[in-house]
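The values are calculated or read from the model by the stated rules, or taken from the named source; none is laboratory data. If you're wondering where the values come from, they're calculated on a predicted model, not measured in any experiment. All Cβ positions, glycine included, derive from the backbone under ideal geometry; neighbour counts span all protein chains shown. We work out accessible area using only protein heavy atoms, side chains counted, and drop any ligands, DNA or RNA first. Shrake-Rupley method; radii C 1.70, N 1.55, O 1.52, S 1.80 Å.
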Amino acid sequence: MIPVLAAALAVAVSAAPPGPIAVLPTGNLSGAEAPLDAIQAALRVALQDRGFDLLPEEVLADFMSRQRLRDVSGLAAGMGEALQAETGATAVLVSSVDLFQQDQPPRFALTARLVATGREPRIVWMDMAAATGDEKPGFLGLGRISDVGVLEGRVVTTLGDSLQAALAPGAPDASSDSVARRFRPRSLYRAPADAPLRAPDALPEPEAAAVPETPAAETAGETAAAPPAPRRVAVLPFANDSAMKNAGDLVTLEMVRQVRLVPGVEAIEPGVVRDALLRAHLIQEEGLSLPQADLVRLLLEADLVLFGDVSVYVEAWAGDPEPEVDFSARILSTRTRQTVCAVLSHARGDDGAWFFGLRRVPTARTLAARLAHGFVTGCLDPRQEARP
Amino acid sequence: MRKEGAEAGTGGRSKGAVLLTLFAAALVLAPGCASHRQGNVTFHDPDMDFSLIRSVAVLPFSNLTVSPKAEDRVREVFMTMLQATGATYVLPPGEVARGISRSALSNPVTPTTEDIVRLAKNLEADVVITGSVLEYGEVRSATTTANVISLNVQMMEGQTGKVIWSGASTKGGIDAGKRLFGGGGEPMNDVTADAVNDLLHRLFR
């Protein structure tokens with residue numbers, strides 16, 4: 001047993017980024033008090049158990065103090081370069097608690113991503129895991145979990161395994177699976193590959209016209225010799241009109257995760273996006289205007305900009321009704337300056353559920369993930385047909 | 001005696017037949033009245049060729065309800081569903097906001113004709129749409145509750161600022177069936193989508 005474990009760890013270590021990983025303090029988007037230090041410590045232990053080399057906490061704390069790094073929700077371009085130069089860290093683990101509930105039943109959700117440092121931070125891996133105490137009650141409720149600590153352990157283990165699997169040599173590329181009908185957008189517009197509806201002055205410039213824009217255009221252009229460069233997608237912070245604190249940030253984060261899963265598409269690290277928006281003093285007023293889209297293209301070299309608005313985000317706290325999520329989202333092409341996709345998505349936890357709660361989605365965090373998956377797949381994935 | 005009895009029986013039957021005929025006529029006419037009322041709330045400019053409309057700017061809706069943000073929600077649903085038809089290009093809301101700012105519209109929810117022309121020119125939009133949310137939320141009758149929405153929408157030509165289409169729709173609410181048998185009615189999202197669908201159906205009819 002021990003040689004097998006050692007061999008597995010050796011494989012993981014060889015595939016990990018060459019150099020230590022800095023584990024940033026865990027952020028809290030749950031809207032409730034959560035033991036962040038304990039969760040960060042659990043993450044460190046999970047990575048160390050899997051053979052990853054971690055940057056000592058003191059070294060990271062010194063760097064953060066020196067650079068006055070306070071935002072732990074992402075990695076800005078300059079900060080990634082400085083981190084690599086000063087500490088030798090080749091990657092940063094960014095994590096956030098998305099849901100934390102101690103009441104019965106306990107609920108816990110965690111999102112984490114590994115970002116390669118350097119001149120341009122790049123997302124290497126990203127995943128989310130959620131667990132609730134009443135997921136599998138089993139016979140006479142013997143399977144119920146009443147301690148949120150147990151859920152934390154399970155979620156951290158899941159994420160650790162996911163990271164290890166993603167970095168293992170020969171690991172398949174991340175791919176998105178099919179979308180259940182109940183999580184598809186209620187209303188979806190997807191731009192046709194040809195015949196833009198706007199006036200001719202909004203057409204792309206000739207030199208940029210060779211870059212495939214819409215998924216349909218991509219599938220049509222199979223005769224190209226070299227594979228097209230991945231389309232860069234900047235996910236802007238979603239506006240939050242719901243009563244839930246941080247709902248916009250949660251949906252934004254999930255959109256980034258889902259965009260990463262689409263082949264031929266690269267999601268720009270949210271820290272880089274945030275830094276660019278702050279430097280340009282770009283504030284969205286009811287969404288993105290075209291000059292702002294031009295600015296995003298200039299600063300981030302983004303081909304597509306994804307933005308939206310969360311109108312309902314109801315987490316199923318103890319005694320509350322079913323979780324419910326509702327958002328609208330748009331994807332704007334910075335090249336053609338046109339909306340290439342627009343959706344309305346809405347679902348409740350018990351939509352399409354069977355008897356005894358089978359197929360029920362227990363948390364709004366998971367529901368948001370399913371809806372975001374439906375949106376991103378319907379809009380960006382060339383393998384999926386648009387289903388209005 | 002037998003004859004009188006027979007006549008009395010015939011009179012009773014004829015009275016019943018008259019009542020039955022009146023009831024049947026009421027049944028036939030009632031839906032007719034409803035459709036007539038619905039038909040009156042849609043206006044199409046007969047001189048306008050709607051197939052020429054390629055880009056649409058949807059202005060912020062006015063909110064005449066007590067529900068905060070109802071106008072934003074309904075406008076978002078309307079914009080996305082209009083765009084999902086694929087018939088026209090709907091300008092992004094941020095671009096519309098920029099156009100409002102550049103055109104110095106003092107009151108974008110009730111623009112004047114000059115405002116419409118100026119805004120359409122700024123945004124290069126063929127038509128401009130305004131709207132009002134009249135009812136949005138839950139209504140109650142005795143122990144029964146249901147969601148209801150009522151909105152009206154106008155479409156103005158960008159070059160002249162004149163109204164070329166106008167429609168109103170009300171969906172949801174409590175009907176006789178819900179009063180008799182109870183039930184909570186449709187969720188607000190579905191009611192909103194129904195009303196917008198109804199308007200779009202009339203627009204493209």
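Its alpha carbons give the stretch A:254-363 an Rg and a Dmax of 17.3, 53 Å.
The simple spin-label model puts a point 7 Å past each Cα toward its Cβ; for B:Val66 and A:Arg279 those points are separated by 5.0 nm. All Cα-Cα separations within the stretch B:63-205 were binned at 10 Å from zero, giving a P(r) of 11, 37, 32, 13, 6, 0, each value a whole percent of the pairs. For the stretch A:83-156, the calculated P(r) over all alpha carbon pairs, in 10 Å bins from 0 to the bin holding the longest distance, is 19, 35, 22, 16, 8, 1 percent.
When Rg and the Kirkwood radius Rh are both evaluated on Cα atoms of the stretch A:43-95, their ratio Rg/Rh stands at 0.95.
Put simply, chains B and A cover up around 2400 Å² of each other's accessible surface, both sides summed, when a 1.4 Å probe is used.
Given a 1.4 Å probe and every protein chain left where it sits, what share in percent of the accessible area of the stretch B:110-164 is carbon and sulfur?
On the way: 1110 of 2400 Å².
Carbon and sulfur: 46 percent of the exposed surface of the stretch B:110-164.
Calculated FRET efficiency, A:Gln104 to B:Asp175, Cβ-Cβ distance, R0 = 35 Å: about 0.30 to the nearest 0.05.
I'd like the FRET efficiency for A:Leu140 and A:Ala32, computed as 1/(1 + (r/R0)^6) with the beta carbon distance as r and R0 of 25 Å, rounded to 0.05. Here the calculated transfer efficiency is 0.25.
For B:Val41 and A:Asp49, a Förster radius of 51 Å and the Cβ-Cβ distance give a FRET efficiency of 0.15, rounded to the nearest 0.05. Contact residues in the stretch A:264-295 by the 20 Å² criterion (accessible area, 1.4 Å probe, full protein complex versus chain alone): A:Glu285, A:Glu286, A:Leu288, A:Ser289, A:Leu290, A:Pro291. Packing around the peptides B:139-152, B:80-93, taken as the average count of other Cβ atoms within 10 Å per residue, puts them in this order, highest first: B:80-93, B:139-152. If you plug each phi of the stretch A:257-272 into the Karplus form 6.51 cos²θ - 1.76 cosθ + 1.60 with θ = phi - 60°, what whole-Hz ³J(HN,Hα) values come out, in order, with x for Gly and Pro? Once θ is set to phi - 60°, the couplings for the stretch A:257-272 become 4, 6, 4, 4, 7, 7, x, x, 10, 10, 8, 6, 3, x, x, 5 Hz.
When the C-alpha to C-alpha distance is required to be over 32 Å, the pairs from B:Lys69/B:Lys178; A:Lys136/B:Lys171; A:Lys136/B:Lys178 that qualify are A:Lys136/B:Lys171; A:Lys136/B:Lys178.
Scanning residues 5 or more positions from A:Ala316 or on other chains, those with amide H under 5 Å from its amide H are A:Ala364, with H placed 1.01 Å from N in the peptide plane. Sorted from greatest to least, the principal axis extents spanned by the alpha carbons of the stretch A:341-380 come out as 37, 16, 14 Å.
Of the residues in the stretch B:71-108, those shielded by at least 40 Å² of accessible area once partner protein chains are present, compared with the chain alone at a 1.4 Å probe, are B:Arg73, B:Glu76, B:Thr80, B:Gln83, B:Ala84, B:Tyr89, B:Pro92, B:Pro93, B:Gly94, B:Glu95, B:Ala97, B:Arg98.
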